[in-house]
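Asks: What follows is a single structure, and I will ask about it in a moment.
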């Protein structure tokens, strides 16, 4: 019999699970709980030396314990005879440092209960850290998705703005069919590369659709013609020539004429006419046959 008890104590002592046996010495009085068994794992989890707490009332071995719910739970299990699985329980008293313990309490006699527990503080902290990192990653992914949607919406808005700008540029250079086969384009303001591209595209479409053979480009309202503007005008007239339409430039000021004349590829003199009225007169000089030529 003695050998059996020794063997049982050795088994309990070698367990990796904390094992404590509490005895209720006075029924109904949780402060009368006395610790009868405390294995090495329990001492390690509770940060105590088992020999220092064995045989002591609960508030003597673990000061502050009566201010926690556990003594009442132990007492209830002993008196009711019902096992209670508490799961993860945060616990701290004046001896036991703050931690989380997975606890199972089972009655083993009319006045004793065995408490099996493990310290899961590190595991729970690791799980909480992993959960926090996962939530952070999800938040970052959601933010990235929001940013991508915002970027897409911004790109769509920029495309709309670009289209509107192109329409505005087109409206500032209206294409007018003055006669059958004769188009006129009055230019005003600043004629930069962007505006030149829009006007060129629209004008070439109009020439193709109307089968126009003459195009009058009036520069009266155009500001100062620099070398870039002059090059764009030359490019425009060259593009019209490729479609078989002859271009006339009207309303050229003396200063702008000087700039245009300095181009490496000069505009033929016969293409330049003093005014829009003169250009119409030149075109109609040969009668309706000239207009249709």
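The values are calculated or read from the model by the stated rules, or taken from the named source; none is laboratory data. Small disclaimer: the values here were computed from a predicted structure and weren't measured. So basically every Cβ, Gly included, is an ideal-geometry build from the backbone, and we count neighbours across all protein chains shown.
Asks: Anything in the stretch 73-85 that is under 14 Å from residue 27 (Cβ atoms) and part of a helix (DSSP H, G or I)? List them, or say none.
Replies: First, the residues of the stretch 73-85 that are under 14 Å from residue 27 (Cβ atoms): 74-81.
Across the stretch 73-85, the qualifying residues are 74, 75, 76, 77, 78, 79, 80.
Asks: Moving to a separate point now. Considering only the stretch 112-125, I want to know if a residue exists there that is in the same structural domain as residue 32 (by TED's automatic domain parsing), exposed (fewer than 15 other Cβ atoms within 10 Å of the Cβ) and more than 54 Å from the chain's Cα centre (by Cα).
Replies: no
Asks: Quick check on residue 207: is it surrounded by 17 or more Cβ atoms within 10 Å (Cβ to Cβ) and either in a strand (DSSP E or B) or under 51 Å from the mean Cα position of the chain (by Cα) (or both)?
Replies: Values: surrounded by 17 or more Cβ atoms within 10 Å (Cβ to Cβ): yes; either in a strand (DSSP E or B) or under 51 Å from the mean Cα position of the chain (by Cα) (or both): yes.
Against the criterion (surrounded by 17 or more Cβ atoms within 10 Å (Cβ to Cβ) and either in a strand (DSSP E or B) or under 51 Å from the mean Cα position of the chain (by Cα) (or both)), residue 207 qualifies.
Asks: May I pose another question? Looking only at the stretch 82-101, how many residues end up being within 16 Å of residue 113 (Cβ to Cβ) and loosely packed, with under 13 Cβ neighbours inside 10 Å?
Replies: Restricting attention to the stretch 82-101, the residues satisfying the condition of being within 16 Å of residue 113 (Cβ to Cβ) are 82-86, 89, 101.
So of that shortlist, the ones also loosely packed, with under 13 Cβ neighbours inside 10 Å come out as 82-83, 85.
Of the residues in that region, 3 qualify.
Asks: Hey, another quick one. Restricting to the stretch 36-69, give me the number of residues that are surrounded by 14 or more Cβ atoms within 10 Å (Cβ to Cβ) and either outside the structural domain of residue 104 (by TED's automatic domain parsing) or within 18 Å of residue 79 (Cβ to Cβ) (or both).
Replies: Residues that pass the stated criteria total 3.
Asks: So residue 109 passes all but one of these: (1) in contact (Cβ under 8 Å) with a residue 24 or more places away in the chain; (2) part of a loop (DSSP other than H, G, I, E, B). Which condition number does it fail?
Replies: Here residue 109 meets the rest and fails (1).
Asks: Related question: Look at the stretch 205-232 and say how many of its residues are modelled with pLDDT of 85 or more and in contact with a strand residue (DSSP E or B) (Cβ under 8 Å, 6 or more places away or on another chain).
Replies: So the answer is 12.
Asks: All but one of (1) at pLDDT below 90; (2) within 48 Å of the chain's Cα centre (by Cα); (3) assigned by TED's automatic domain parsing to the domain that holds residue 238 hold for residue 156; state the number of the condition that does not hold.
Replies: Exception for residue 156: condition (3).
Asks: Can you pull out the residues in the stretch 231-271 that are outside any helix (DSSP H, G or I) and surrounded by 18 or more Cβ atoms within 10 Å (Cβ to Cβ)? Spell out the reasoning first.
Replies: Residues of the stretch 231-271 outside any helix (DSSP H, G or I): 243-253, 262-268.
Hits for the stretch 231-271 are 245, 247, 248, 249, 250, 251, 252, 267.
Asks: Now for a different question. If you take the residues in the stretch 10-29 that are touching a strand residue (DSSP E or B) at 6+ places or on another chain (Cβ under 8 Å) and closer than 17 Å to residue 109 by Cβ, which one is surrounded by the fewest Cβ atoms within 10 Å (Cβ to Cβ)?
Replies: Step by step, filter the stretch 10-29, then rank; the result is 25.
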